[in-house]
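Visitor: Before anything else, here's the structure in question.
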Amino acid sequence: MRRVVVFVCLLSITYLHAQVGGAVAEPQKDAATATLPSADLVFSEPKRDSPLQLPSPVMSGPPRCGPDGRAFLQIMGPPPRYSHKVIYSITPDGKVTHYPVEQIVGLTYFGIIAFDPGSSMPVMLLEAAAAGASSSGYYLALFNYDGEFRKYSKLDLGFRPSNIAQLSDDSFLIMGADTAATAEARSRFVVIDSSGSVLRDLATDAMMPPDQKLKSLLQSLSFAGMKPEDMPPSMRVSFALGLFRTAHWDQGLLMLMPGAETQIIELLRSGEIRLVRLRLPQDQIADSVITKKGRWFVRTCLRDTGNQWSLYEVDPETGEALRRINTSGVPATSIACPSDSGFYGLRWIEQKPYLIFGDLR
């Protein structure tokens with residue numbers, strides 16, 4: 001199976017954690033940032049005798065949260081290419097679980113296209129070949145939270161899928177693009193069930209920005225390799241759909257495409273779609289969202305730096321930045337999931353991860 005891997009070095013794909021002692025420079029503040037209220041997220045020191053057993057310090061995207069509070073990580077390996085993705089989860093008490101696709105009988109030559117912690121089960125979008133087949137196809141794979149494989153279904157969608165999210169116990173959102181290299185590439189958002197059958201198409205006009213806006217959004221990020229503005233339209237749309245960050249909360253599913261002046265798409269359990277434009281300080285690039293008891297927190301990166309990360313609380317109704325969260329030197333990409341008192345996350349010391357717990361004050 002031949003796969004094209006595009007690495008995004010600022011926001012979207014790969015974070016290399018190699019902190020020594022956890023020391024990280026605090027992000028600089030512009031005038032707009034300085035006028036916002038702030039709160040402090042004060043982290044505990046890690047237990048140096050209890051590193052987490054993960055196979056690599058390179059992560060694809062930030063941690064993502066499951067419904068029971070565990071953090072999911074997409075780990076890249078092995079060195080030196082770091083082109084193979086594996087899925088792990090970590091509970092707040094330090095239990096590490098692996099979700100190996102190799103346990104799926106009947107498929108081979110796996111590639112994980114996308115993953116979602118889900119609202120009731122972890123789900124994966126795979127590219128794989130059926131045993132004995134010479135060509136690959138796309139598959140939905142479902143797991144239990146303890147790492148046990150449940151079932152898989154072949155997808156026959158008529159377009160190239162690039163992202164996935166669970167909507168309910170037996171409905172899943174597949175995002176992708178028509179593969180025809182036409183001037184007007186079309187994004188696709190369809191809902192399927194666990195057998196792979198298409199239940200309905202969702203309107204895409206509100207969910208996907210027009211091509212010129214999409215180019216502007218992607219140009220606010222920094223990329224290694226082919227730049228999105230140089231891609232054919234169909235490839236650019238497919239690539240952008242793969243960047244969507246999803247997060248589950250009590251009213252439905254949130255979808256955020258990283259970039260400047262971007263928006264959060266909210267798919268309500270009622271089936272309605274609501275758009276919330278983020279209103280962050282102008283020097284901040286939105287990356288991903290964390291939800292905590294009806295509140296939204298957005299991870300951001302300082303424009304044109306690629307290594308100064310912040311956390312902002314935003315109003316779920318207006319998208320307005322409410323306050324900046326000072327994270328005591330812990331980058332927002334290491335903050336994982338909510339806890340009773342604040343958030344927990346990871347501190348990387350000599351390329352080994354340790355759990356840390358933060359109180360929001």
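The values are calculated or read from the model by the stated rules, or taken from the named source; none is laboratory data. None of the values given here were measured: they were computed from a predicted structure. All Cβ positions, glycine included, derive from the backbone under ideal geometry; neighbour counts span all protein chains shown.
Visitor: Looking at (1) within 26 Å of Asp287 (Cβ to Cβ); (2) in a strand (DSSP E or B); (3) at pLDDT below 95, can you tell me which one Arg200 breaks?
Guide: In the conditions (1) within 26 Å of Asp287 (Cβ to Cβ); (2) in a strand (DSSP E or B); (3) at pLDDT below 95, Arg200 misses (1) alone.
Visitor: Can I ask one more? Are any residues in segment 211-243 assigned to a loop (DSSP other than H, G, I, E, B) and surrounded by 21 or more Cβ atoms within 10 Å (Cβ to Cβ), and if so, which ones?
Guide: Passing the criteria: only Leu221.
Visitor: Is it true that Ile290 is part of a strand (DSSP E or B), closer than 17 Å to Gln74 by Cα and in contact with a Pro (Cβ under 8 Å, 6 or more places away or on another chain)?
Guide: Taking the combined requirement at face value, the residue satisfies it.
Visitor: Can you tell me which residues in segment 85-95 are over 24 Å from Tyr152 (Cβ atoms) and part of a strand (DSSP E or B)?
Guide: Correct list: Ile90 only.
Visitor: I'm trying to understand the selection: among the residues of segment 272-301, which are farther than 19 Å from Phe244 by Cα and not acidic (Asp, Glu)?
Guide: Residues satisfying the conditions are Pro281, Gln282, Lys292, Lys293, Gly294, Arg295.
Visitor: Still on this structure, please answer the following. Given the residues Asp68, Asp40, Asp30, Asp49, which is the only one that is among the charged types (D, E, K, R), touching a strand residue (DSSP E or B) at 6+ places or on another chain (Cβ under 6 Å), at pLDDT 50 or above and surrounded by fewer than 17 Cβ atoms within 10 Å (Cβ to Cβ)?
Guide: Answer to the selection: Asp40.
Visitor: Another question about this same structure. Taking Leu322, is it surrounded by fewer than 20 Cβ atoms within 10 Å (Cβ to Cβ), assigned to a strand (DSSP E or B) and of a type in the set (A, V, I, L, M, F, W, C)? Walk me through it before giving the result.
Guide: Values: surrounded by fewer than 20 Cβ atoms within 10 Å (Cβ to Cβ): yes; assigned to a strand (DSSP E or B): yes; of a type in the set (A, V, I, L, M, F, W, C): yes.
Judged against the criteria, Leu322 is a match.
Visitor: Identify all residues within segment 139-164 that are surrounded by fewer than 21 Cβ atoms within 10 Å (Cβ to Cβ), over 25 Å from Asp68 (Cβ atoms) and free of Cβ contacts under 8 Å to residues at least 60 places away in the same chain; write none if there are none.
Guide: Result: Lys154, Asp156, Leu157, Gly158, Phe159.
Visitor: State the number of residues belonging to segment 112-128 that are of a type outside the set (D, E, K, R) and out of contact with any Leu (no Cβ under 7 Å at 6 or more places or on another chain). Outline the logic, then answer.
Guide: First, pick out the residues of segment 112-128 that are of a type outside the set (D, E, K, R): 112-115, 117-126, 128.
Filter once more, keeping what is out of contact with any Leu (no Cβ under 7 Å at 6 or more places or on another chain): 115, 117-120, 122, 124, 126.
Here the count works out to 8.
Visitor: Can I ask one more? Condition check: out of contact with any strand residue (DSSP E or B) (no Cβ under 6 Å at 6 or more places or on another chain) and closer than 19 Å to Leu36 by Cβ. Does Glu317 satisfy that?
Guide: In short, yes.
Residue-wise test of (1) buried (at least 19 other Cβ atoms within 10 Å of the Cβ); (2) at pLDDT below 95.
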| residue | (1), (2) |
| --- | --- |
| Trp249 | yes, yes |
| Pro258 | yes, yes |
| Arg274 | no, yes |
| Ile290 | yes, no |
| Trp296 | yes, no |
| Asn307 | no, yes |
| Glu317 | no, no |
| Ile349 | no, yes |
| Tyr354 | yes, no |
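Visitor: Identify the residue in segment 112-122 that is over 13 Å from the mean Cα position of the chain (by Cα) and either hydroxyl-bearing (Ser, Thr, Tyr) or under 18 Å from Asp68 (Cβ atoms) (or both) and, among all such residues, is surrounded by the most Cβ atoms within 10 Å (Cβ to Cβ).
Guide: Among them, the one singled out is Pro122.
Visitor: Give me the pairs, please: first residue somewhere in segment 199-217 and without any contact (Cβ under 8 Å) to a residue 40 or more places away in the chain, second residue anywhere and assigned to a strand (DSSP E or B) and loosely packed, with under 15 Cβ neighbours inside 10 Å, beta-carbon distance under 9 Å, and either six or more positions apart or on two chains.
Guide: Pairs that qualify, where the first residue is without any contact (Cβ under 8 Å) to a residue 40 or more places away in the chain and the partner is assigned to a strand (DSSP E or B) and loosely packed, with under 15 Cβ neighbours inside 10 Å, are Leu199/Ser171.
Visitor: Quick one: in segment 148-169, of everything that is touching a Ser or Thr at 6+ places or on another chain (Cβ under 6 Å) and more than 20 Å from Tyr109 (Cα to Cα), which residue is modelled with the lowest pLDDT?
Guide: For segment 148-169, the residue satisfying everything is Asp169.
Visitor: Just to be sure, is Glu261 over 15 Å from the mean Cα position of the chain (by Cα) and without any contact (Cβ under 8 Å) to a residue 40 or more places away in the chain?
Guide: No; evaluated as a whole, the condition is false for this residue.
Visitor: Hey, another quick one. Assess whether Ala180 counts as being more than 26 Å from Val289 (Cβ to Cβ), among the small types (Gly, Ala, Ser), in contact with a Ser or Thr (Cβ under 9 Å, 6 or more places away or on another chain) and modelled with pLDDT under 95.
Guide: yes
Visitor: Ala130 is checked against (1) more than 24 Å from Gln103 (Cα to Cα); (2) touching a strand residue (DSSP E or B) at 6+ places or on another chain (Cβ under 8 Å) and fails just one. What number does that condition carry?
Guide: Of (1) more than 24 Å from Gln103 (Cα to Cα); (2) touching a strand residue (DSSP E or B) at 6+ places or on another chain (Cβ under 8 Å), only one is false for Ala130: (1).
Visitor: Looking at Tyr82, Tyr145, can you tell me which residue is among the aromatic types (Phe, Trp, Tyr), more than 14 Å from the chain's Cα centre (by Cα), in a loop (DSSP other than H, G, I, E, B) and closer than 29 Å to Cys301 by Cβ?
Guide: Going through Tyr82, Tyr145 in turn, the sole match is Tyr82.
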